[in-house]
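Here, each number is a calculation from the coordinates, and none is a lab measurement. As the structure is a computational prediction, the values presented were derived from the model and not from experiment. Here the Cβ is made from the backbone with ideal geometry for all residues, glycine too, and neighbour counts use every protein chain on show.
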Ligand SMILES: [Zn+2]
């Protein structure tokens, strides 16, 4: 599973840190769905359900600080540091 990375401000560390977020590999899941469909269609059906579940759990997850693992993180630097 790949990670989306970006520099953000961590409210726990009180500094700019590298933050990570899980990303869904839609192309890999699509290819696997085709492979499963060629092997046995019911397997592909269950795999699509799994894919949707992974995509939903990743989209609801937020960026986390790589230093302290806190999700108390913001895109903007604080006004009064
Ligand atoms: Zn932190």
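For the range 2-72, what's the relative contact order in percent, using C-alpha pairs closer than 8 Å and at least 6 residues apart? Can you show the working numbers first?
Values: 85 pairs, mean separation 26.2, N = 71.
Relative contact order comes out at 37 percent.
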Original post:
How far apart, in nm, are two points set 7 Å out from the Cα along the Cα-to-Cβ line at residue 39 and at residue 5?
Top reply: 3.2 nm
**OP:** Assuming R0 = 41 Å, can you tell me the calculated FRET efficiency for the pair residue 56 and residue 13, based on Cβ-Cβ distance, to the nearest 0.05?
**Re:** 0.90
**OP:** Once every Cα of the chain carries one equal point scatterer and solvent is ignored, give the base-10 log of I(q)/I(0) from the Debye formula at q = 0.18, 0.19 Å⁻¹, two decimals.
**Re:** -0.74, -0.78
Original post:
So what's the back-of-envelope 222 nm ellipticity for the chain, counting only DSSP H runs of four-plus at -39500 (n - 2.57) apiece and dividing by all residues, rounded to 500?
Top reply: -14000 deg cm²/dmol
